[in-house]
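Asker: Structure provided below as structure tokens; questions to follow.
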Amino acid sequence: MTKSLDLAPRRAATPSRYATFMSRRASLMPTFAAVAILLVLLISAQARFPKFLSPGNMSALLLDNAYLVVLAVGLTFVILTGGIDLSVGSVMAFTGILGASLLAQGIPAVVAVPAMLIAGALIGLLIGVLVQYFNVQPFIASLAGLFLARGLAFVVSLESIRVEDTFVLWLQRTRFNVGGWYITPTGIIALLAVAIAFYVLLWTRFGRTVYAIGGGEQSARLMGLNVARTKLMVYVISGVCGGLAGLLLTAYSGAGYPRNGIGTELDAIAAVVIGGTLLTGGTGYVLGSLIGVLVYGTIKKIISFMGAEQAWTQIIIGALLLLFIVVQRVIVTRSQRRR
Amino acid sequence: MEEPRPLLQLTGATVRFGAEAAIDDVDFRMFPGEVHSLMGENGAGKSSLIKAITGAIPLDEGELRLGGEVVRFRTPHDAQLAGVSTVYQEIDLLPNLTVAENICLGREPRRFGVLDWSSMRTRARAVLADLGLDIDPASILGTHSLAVQQLVAIARAISADVRVLVLDEPTSSLDVDEVAELFRVMRDLTQRGVAILFVSHFLEQVYEICDRITVLRGGRLVGEYVPSELLRIDLVQKMLGRSVAELGTRARPDSTPPETSPVIRGEGVTRTPGIHNAGVELAEGEVLGLAGLLGSGRTELARALSGIDRLDAGIITISGQPVDLTSPRKAISFGVVYSSENRRTEGIISELSVQENITLALQAERGILRRMRPQRRRELAMSWIEALDIRPADPDRRAGTLSGGNQQKVLLARLLALSPRIIVLDEPTRGIDVGAKVEIQNLVGELADNGLSVVFISAELEEVLRVANRVAVLRSGRIVQTLPSESLTVDSLLALVAQPDEFSEVASLSTAEPDGSGE
Amino acid sequence: MKAIVKHRLFWPSVALLTLIAINTIARPQFILITVRNGELYGALIDILRNSAPLMLVALGMTIVIATRGIDLSVGAIMAVSGAVALTIIDGSAEPGSLGTVLIALVVALVVALVLGVWNGFLVAVVGIQPIIATLVLMLAGRGVALLITEGFITTVNSTPYEFIATGYLVGLPFALLISIAAIAVVALIERRTALGVLTEAVGINPEASRLAGVRARGIVFSAYVASGLLAGIAGIIYSSNIRAADANAAGLFIELYAILAVVLGGTSLMGGKFTIAGTVIGVLTIQTLEATILFLGVPSAQSPVFFALVVIVVVLVQSPRLHSWARTAMKTARTRGASDTGPRAKVAS
């Protein structure tokens, strides 16, 4: 409205450092919240169980959940574009049993491992094509992927298959020790995935297009960004991560098992949301997803330390997820009202 | 500064949607370094013209020349590459990314295939400084006000060698200082030879900034004018025009309302940002017209009176009882019904049949348990189809396939089936052919004769005068005056709607005391 | 004839009948129904009985989808309701008494109802997207069920309870009767009252419905409550069938099959017009397909592959892009030989 009600000068003195910080980093707030929650959990756990923060325990925290880290990384790409991928748990199981089966038949790891990644990529490609070129809702498309992967897992084998391959076992058995801390190659792979994703999302045009699609697909297209190819690729990435997670889980458990990962996609989605990525897309950080997985793992560990049933993990994660979603919704309605 | 050759020239442009022409044989031109305004009421064809220039829709007939050469844009991106950029009302940027990215993405600086952030920030800072703007390139766009986001959108446009910049309603959400800032930037750009198409319904701003004005009405070109040679009142008259009044019009209604207390009354009705401190009252059997230009607050007032939007301040009384209209459902229970100006999105449910549309509100009012029997629904639908002459007279036809006029009748049938006491009609005759227009006007008259109270909004002043007993004139979100319609002519109403201060004779025309707080 | 083909139930019915025909050709005793002790038996009867849980869940899903929503938590609600019922029976002094069973049923259904209210509250009142809102319960619900059963698979020996899934009444399986009753009740409520038409209006255009005075919020809310209750009943049938409460396996993936059944039946995922009959046909089709796969000797764990293909085919058939491809393909085929330059297609924005 062109009423002149405001006679005060519009631009105040140079904005405070706080204001500048907020205007540059506002979207980091949810991730900070996740870090805060993690610290609170760790500290209260240490208070309750004096041995909690031991190097051994903390190292195990990452390595027990390495597969989930990788899944969350892949999911972050998809969710940033405003989509969702329900198939990741099943893809993990499928590629895991596929790899185990190939190895058991004597095929060398140098062939089996890439095969796992390619299998994951193919399922991701299928979902991406359905979403991008046939305008299928991501929910339904990834549902088809879930069905397909789960069924194929059982086609490969109805029972679990042990893995004897030296390379795969080396991934999990080897430990690099520094003081009391240790890390295995699986852990390194997981952290590497995070690092690569971080780099891509921040430093490449592809990564910024991912964010742009989440911010407004039409606007991104108008800006000349290649929306179609990017939307397709994020699902392929999620599929590859599913394959990678299959490798890590198979190494971890020493076997492929077609019943793996039932419901794991939910844990991964929860980790990503808790880590500060909005399910509506456009905002979020892959480092946040890493934090989210650590939160999940910490809760699981605390529950086991307490001797309580593992079922509590799911309930608490569900409650945390709800809390984050409600807060996100309140923030959104508040900012809409202001507009 | 004028060069003899126009920078952008549109000749004989026609765009059709189905059988109707959104613009018909329109000529339009812009010279480098000028600010050109495109004016017209809703449905005049402005947005179609803009879409044709910016590549969003193709021309069915006609030719577009840029810099003398014929161009054909297939996508908005083509237009952008050719130097025609648009800043829309809903900013087409990415609020979750930084200002620098919003300016540079799509042609961002890269080093070894990787984004060069510092170079991007420098470039953004340079562009912003060029426009005299002090905005932090590393800040996230969404944290800034709409005004700033708009300026960033303009910055993006000029960072890519723009020749023609289209600004679509850029000032709707800006305050005075922000508008001044925008105008400064615009003048800056014109110094460099950029042609700016300024689309706005704020007359004062158009007169302040524009070098030339093109007026559209009903999809056709009315003319191209220079502001200094065109009186405001003449501009408004060209925009609104005079409609054909010969088709069996009703006698002008008796404007002395009965001496009973008002059926509905609103005092201090406020809903920011649309309407401020408005006072209206309506007697039984009376038709109150709301007249004003786009953005004057007519729709906001109507929605506030019918419970569609909650009031920020003010009281509404129905038959003397103050009511709190918290929802449309509540309003309906008090006998107040509303017909939205967005017939397609807020009125008719296109996928449902005519019958289902007509019976919807009545069924909702009766509740879930008291379902209307199929025969009863059929009867009701058929009787309304007949009474309002809805064509085609097929109750099972999908409502979305009907013409605008018949859709409006279906909507009216739905509302009238509720036996309301007060009916608020927002632009009921917009986009409807003349014959149907008159039908609806006559219908309004009949309803009033039968004791219904009607609030009638229309951009066509002649229609308002023909239908209403009294007219409330709105400007900039306030009711300026409320006058009996017999004391007004189309010219005097035009003057009130446009700008009263210049015309002292109008002030003496007002015989009734103004309702509410006038200026 | 044209009217029959155009009817939206035509293709789903054809699909189902084709499946039945194929099965009958493969093994003629497929459509054989025998009577023993006044009770009906046969492959078709098995399908009808086994489809009961999916039928109930799909009915609820249909209503929720009609409001433009979705309910992913139905599997978890099934698990919870089974867990509650069996824990009560297990913990009681007389697991075999009808009274105990009735109490267990009532409590379990009340719990399921409460969970439905929870979902409805999140979606209709707080305004959270349905996918996300029901995702929370999908995640946490199984945990709750596990807690109730304390991590074990609670088994019971209770004749009245077993009757639910395996018993017969008036010659038909009791579970089938529950199914039929549910279909009848839902159809009656939706079509004999005004709830159906109002729900459709809300699903198609919530804002226009609101302006017309429709109680949109209440309608959306009650859709999730209904879905929860129906899932609760489904959970009881399931646990009665295996005589146990398996919190991990109960209703696993059932939400996905339910969505598939709704889509197969012709209701659009975008909300609005819905068809209960279509969902019924969809459920029967899925169940028959499952039986066919099993008969072919494919291990049931591998059957999801077939359903993935079904999902893909269905969405492709419904996809507008495919239609425009088909149209252009037919056009090029027709105009091959005759050269014509038609007008460029108008892109309305």
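The values are calculated or read from the model by the stated rules, or taken from the named source; none is laboratory data. Please read all numbers here as calculations on a predicted model, not as lab measurements. Backbone-built Cβ (ideal geometry, glycine too); neighbour counts: all protein chains shown.
Asker: How many residues does region B:138-165 contain that are among the β-branched types (Val, Ile, Thr), more than 20 Å from residue A:220 (Cβ to Cβ) and under 26 Å from the mean Cα position of the chain (by Cα)?
Answerer: The number of residues fulfilling the criteria is 2.
Asker: Which residue pairs have Cβ atoms under 7 Å apart, sit 6 or more places apart or on different chains, and have a first residue in region B:319-341 that is more than 8 Å from every other protein chain (Cβ to nearest Cβ) and a second that is assigned to a helix (DSSP H, G or I) and among the small types (Gly, Ala, Ser)?
Answerer: Close Cβ pairs (under 7 Å, with a partner that is assigned to a helix (DSSP H, G or I) and among the small types (Gly, Ala, Ser)) amount to B:325/B:331; B:339/B:347.
Asker: Further, regarding this structure: I'm checking my understanding of the structure. Among residues of region B:17-43 that are modelled with pLDDT of 90 or more and among the aromatic types (Phe, Trp, Tyr), which one is farthest from residue B:61 (Cα to Cα)?
Answerer: Restricting to residues being modelled with pLDDT of 90 or more and among the aromatic types (Phe, Trp, Tyr), the top hit is B:31.
Asker: Scan region C:217-255 for residues that are assigned to a helix (DSSP H, G or I) and among the polar types (S, T, N, Q) and jot them down.
Answerer: Step one: filter region C:217-255 for residues assigned to a helix (DSSP H, G or I), giving C:217-242, C:254-255.
If the condition is that a residue be assigned to a helix (DSSP H, G or I) and among the polar types (S, T, N, Q), then C:222, C:227, C:239, C:240, C:241 are the ones that fit.
Asker: Given the options A:26, A:33, A:72, name the one that is part of a helix (DSSP H, G or I), modelled with pLDDT under 95 and within 19 Å of residue C:132 (Cβ to Cβ).
Answerer: Details: A:26 fails: within 19 Å of residue C:132 (Cβ to Cβ); A:72 fails: modelled with pLDDT under 95.
On inspection, the qualifying residue turns out to be A:33.
Asker: Please find, among B:59, B:93, B:49, the residue that is outside any helix (DSSP H, G or I), in contact with a strand residue (DSSP E or B) (Cβ under 6 Å, 6 or more places away or on another chain) and among the hydrophobic types (A, V, I, L, M, F, W, C).
Answerer: Working: B:93 fails: in contact with a strand residue (DSSP E or B) (Cβ under 6 Å, 6 or more places away or on another chain); B:49 fails: outside any helix (DSSP H, G or I).
On inspection, the qualifying residue turns out to be B:59.
Asker: Go over the candidates A:113, A:40 one by one and state the one that is in contact (Cβ under 8 Å) with a residue 60 or more places away in the chain and in a helix (DSSP H, G or I).
Answerer: Details: A:40 fails: in contact (Cβ under 8 Å) with a residue 60 or more places away in the chain.
On inspection, the qualifying residue turns out to be A:113.
Asker: Could you list, in sequence order, the residues of region C:120-139 that are under 14 Å from residue C:228 (Cβ atoms) and at the interface with chain A (Cβ under 7 Å from one of its Cβ atoms)?
Answerer: From region C:120-139, those under 14 Å from residue C:228 (Cβ atoms) are C:120-124, C:130, C:133-134, C:136-138; that's our starting set.
Matches in region C:120-139: C:136, C:138.
Asker: Sticking with this structure for a sec: Would you check if there is a residue in region A:193-203 being more than 18 Å from the chain's Cα centre (by Cα) and either within 10 Å of chain B (Cβ to nearest Cβ) or not in a helix (DSSP H, G or I) (or both)?
Answerer: Yes, because at least one residue in region A:193-203 is more than 18 Å from the chain's Cα centre (by Cα) and either within 10 Å of chain B (Cβ to nearest Cβ) or not in a helix (DSSP H, G or I) (or both).
Asker: Shifting gears a bit: In the set B:26, B:87, B:70, B:35, which member is free of Cβ contacts under 8 Å to residues at least 24 places away in the same chain and assigned by TED's automatic domain parsing to the domain that holds residue B:212? Break it down into steps so the answer makes sense when it comes.
Answerer: Working: B:26 fails: free of Cβ contacts under 8 Å to residues at least 24 places away in the same chain; B:87 fails: free of Cβ contacts under 8 Å to residues at least 24 places away in the same chain; B:35 fails: free of Cβ contacts under 8 Å to residues at least 24 places away in the same chain.
Among B:26, B:87, B:70, B:35, only B:70 is free of Cβ contacts under 8 Å to residues at least 24 places away in the same chain and assigned by TED's automatic domain parsing to the domain that holds residue B:212.
Asker: Another question, if that's okay. Please specify each residue of region C:107-135 satisfying the condition of being out of contact with any Pro (no Cβ under 7 Å at 6 or more places or on another chain), buried (at least 24 other Cβ atoms within 10 Å of the Cβ) and touching a residue at least 24 places away in the same chain (Cβ under 8 Å).
Answerer: Result: C:108, C:112, C:115, C:116, C:119, C:120, C:134, C:135.
Asker: A follow-up question, please. Scan region C:145-171 for residues that are out of contact with any Gly (no Cβ under 9 Å at 6 or more places or on another chain), within 14 Å of another protein chain (Cβ to nearest Cβ) and part of a helix (DSSP H, G or I) and report the count.
Answerer: Number satisfying all stated conditions: 3.
Asker: If you don't mind, there's one more thing I want to ask. Out of curiosity, is residue B:171 assigned to a loop (DSSP other than H, G, I, E, B), surrounded by 21 or more Cβ atoms within 10 Å (Cβ to Cβ) and under 22 Å from the mean Cα position of the chain (by Cα)? Show your work before the answer.
Answerer: Numbers: assigned to a loop (DSSP other than H, G, I, E, B): yes; surrounded by 21 or more Cβ atoms within 10 Å (Cβ to Cβ): yes; under 22 Å from the mean Cα position of the chain (by Cα): yes.
So residue B:171 passes the test.
Asker: Report whether or not residue B:193 is at pLDDT 80 or above, in contact with a Gly (Cβ under 6 Å, 6 or more places away or on another chain) and exposed (fewer than 15 other Cβ atoms within 10 Å of the Cβ).
Answerer: Values: at pLDDT 80 or above: yes; in contact with a Gly (Cβ under 6 Å, 6 or more places away or on another chain): yes; exposed (fewer than 15 other Cβ atoms within 10 Å of the Cβ): yes.
Judged against the criteria, residue B:193 is a match.
Asker: Name the residues in region A:78-110 that are under 18 Å from the mean Cα position of the chain (by Cα) and either among the β-branched types (Val, Ile, Thr) or assigned to a loop (DSSP other than H, G, I, E, B) (or both), would you?
Answerer: A:78, A:79, A:81, A:82, A:83, A:84, A:85, A:86, A:87, A:88, A:91, A:95
Asker: Something else now. Quick one: which helices (runs of 4 or more DSSP H) lie wholly within region A:213-332 and hold at least 3 residues that are within 14 Å of chain C (Cβ to nearest Cβ), within 26 Å of residue C:247 (Cβ to Cβ) and under 19 Å from the mean Cα position of the chain (by Cα)?
Answerer: Details: elements: A:217-222, A:227-253, A:264-274, A:286-305.
Because the criterion is at least 3 residues that are within 14 Å of chain C (Cβ to nearest Cβ), within 26 Å of residue C:247 (Cβ to Cβ) and under 19 Å from the mean Cα position of the chain (by Cα), the helices (runs of 4 or more DSSP H) in region A:213-332 that meet it are A:264-274, A:286-305.
Asker: Which of the residues that make up region C:301-319 are within 7 Å of chain A (Cβ to nearest Cβ) and more than 15 Å from residue A:151 (Cβ to Cβ)?
Answerer: C:315, C:316, C:319 - these are the residues of region C:301-319 that are within 7 Å of chain A (Cβ to nearest Cβ) and more than 15 Å from residue A:151 (Cβ to Cβ).
Asker: Residue A:82 fails exactly one of the following numbered conditions: (1) surrounded by fewer than 22 Cβ atoms within 10 Å (Cβ to Cβ); (2) closer than 23 Å to residue A:184 by Cα. What is the number of that condition?
Answerer: (2)
Asker: Could you check, for region B:279-286, whether at least one of its residues is over 24 Å from residue C:209 (Cα atoms), acidic (Asp, Glu) and in contact with a helix residue (DSSP H, G or I) (Cβ under 8 Å, 6 or more places away or on another chain)? It would help to see each step written out before you state the result.
Answerer: Of region B:279-286, the ones over 24 Å from residue C:209 (Cα atoms) are B:279-286.
Now narrow it down to the ones that are acidic (Asp, Glu): B:281, B:284, B:286.
Checking which are in contact with a helix residue (DSSP H, G or I) (Cβ under 8 Å, 6 or more places away or on another chain) leaves us with B:286.
Scanning region B:279-286, I find at least one residue that is over 24 Å from residue C:209 (Cα atoms), acidic (Asp, Glu) and in contact with a helix residue (DSSP H, G or I) (Cβ under 8 Å, 6 or more places away or on another chain), so the answer is yes.
Asker: Quick one: which of B:365, B:386, B:356, B:341 is assigned by TED's automatic domain parsing to the domain that holds residue B:440, assigned to a helix (DSSP H, G or I), among the charged types (D, E, K, R) and farther than 14 Å from residue C:198 by Cα? Show your work before the answer.
Answerer: Working: B:365 fails: farther than 14 Å from residue C:198 by Cα; B:356 fails: farther than 14 Å from residue C:198 by Cα; B:341 fails: assigned to a helix (DSSP H, G or I).
Testing whether each residue is assigned by TED's automatic domain parsing to the domain that holds residue B:440, assigned to a helix (DSSP H, G or I), among the charged types (D, E, K, R) and farther than 14 Å from residue C:198 by Cα leaves just B:386.
Asker: Check C:214, C:298 and return the single one that is out of contact with any Ser or Thr (no Cβ under 8 Å at 6 or more places or on another chain), more than 14 Å from chain A (Cβ to nearest Cβ) and in a loop (DSSP other than H, G, I, E, B). It would help to see each step written out before you state the result.
Answerer: On the way: C:298 fails: more than 14 Å from chain A (Cβ to nearest Cβ).
From the options C:214, C:298, the qualifying one is C:214.
Asker: Which residue is farthest from residue B:303 (Cα to Cα), if the candidates are limited to region C:184-199 and must be part of a helix (DSSP H, G or I) and within 7 Å of chain B (Cβ to nearest Cβ)?
Answerer: Within region C:184-199, the subset part of a helix (DSSP H, G or I) is C:184-192, C:195-199.
Going one step further and asking which of them are within 7 Å of chain B (Cβ to nearest Cβ), we end up with C:192, C:195, C:197-198.
Details: C:192: 34, C:195: 27, C:197: 26, C:198: 23 Å.
Checked region C:184-199; the qualifying residue farthest from residue B:303 (Cα to Cα) is C:192.
Asker: Residues in region C:25-41: is at least one in a helix (DSSP H, G or I), without any contact (Cβ under 8 Å) to a residue 40 or more places away in the chain, more than 30 Å from residue C:127 (Cβ to Cβ) and of a type in the set (Gly, Ala, Ser)?
Answerer: Going residue by residue through region C:25-41, those that are in a helix (DSSP H, G or I) are C:25-26, C:28-31.
Restricting the remaining residues to those that are without any contact (Cβ under 8 Å) to a residue 40 or more places away in the chain gives C:25, C:28-31.
This time we only want the ones that are more than 30 Å from residue C:127 (Cβ to Cβ), so: C:25, C:28-31.
Within this subset, residues satisfying the condition of being of a type in the set (Gly, Ala, Ser) are none.
No, because not a single residue in region C:25-41 is in a helix (DSSP H, G or I), without any contact (Cβ under 8 Å) to a residue 40 or more places away in the chain, more than 30 Å from residue C:127 (Cβ to Cβ) and of a type in the set (Gly, Ala, Ser).
Asker: Please determine whether any residue of region B:412-424 is crowded, with 20+ Cβ neighbours inside 10 Å and at pLDDT below 90. Write out each step before concluding.
Answerer: Just the residues of region B:412-424 that are crowded, with 20+ Cβ neighbours inside 10 Å, to begin with: B:412-417, B:420, B:422-424.
Filter again for at pLDDT below 90, leaving none.
No, region B:412-424 contains no residue that is crowded, with 20+ Cβ neighbours inside 10 Å and at pLDDT below 90.
Asker: Mind checking which residues of region C:87-119 are over 19 Å from residue C:245 (Cα atoms) and within 14 Å of chain A (Cβ to nearest Cβ)?
Answerer: C:118, C:119
Asker: Going through C:111, C:123 one at a time, which residue ends up being part of a helix (DSSP H, G or I), over 24 Å from residue A:137 (Cβ atoms) and hydrophobic (A, V, I, L, M, F, W, C)? Outline the logic, then answer.
Answerer: Details: C:123 fails: over 24 Å from residue A:137 (Cβ atoms).
Selected residue: C:111, the only one of C:111, C:123 that is part of a helix (DSSP H, G or I), over 24 Å from residue A:137 (Cβ atoms) and hydrophobic (A, V, I, L, M, F, W, C).
Asker: Go through the residues of region A:149-163 one by one and say whether even a single one is in a helix (DSSP H, G or I) and touching an Asp or Glu at 6+ places or on another chain (Cβ under 7 Å). Step through it out loud before you land on a result.
Answerer: Going through region A:149-163, the residues in a helix (DSSP H, G or I) turn out to be A:149-156.
Retained after the next criterion (residues that are touching an Asp or Glu at 6+ places or on another chain (Cβ under 7 Å)): none.
Among the residues of region A:149-163, not one is in a helix (DSSP H, G or I) and touching an Asp or Glu at 6+ places or on another chain (Cβ under 7 Å), which makes the answer no.
Asker: Being within 14 Å of another protein chain (Cβ to nearest Cβ), in a helix (DSSP H, G or I) and surrounded by 19 or more Cβ atoms within 10 Å (Cβ to Cβ) is the requirement here; does residue C:280 meet it?
Answerer: On the way: within 14 Å of another protein chain (Cβ to nearest Cβ): no; in a helix (DSSP H, G or I): yes; surrounded by 19 or more Cβ atoms within 10 Å (Cβ to Cβ): yes.
So residue C:280 fails the test.
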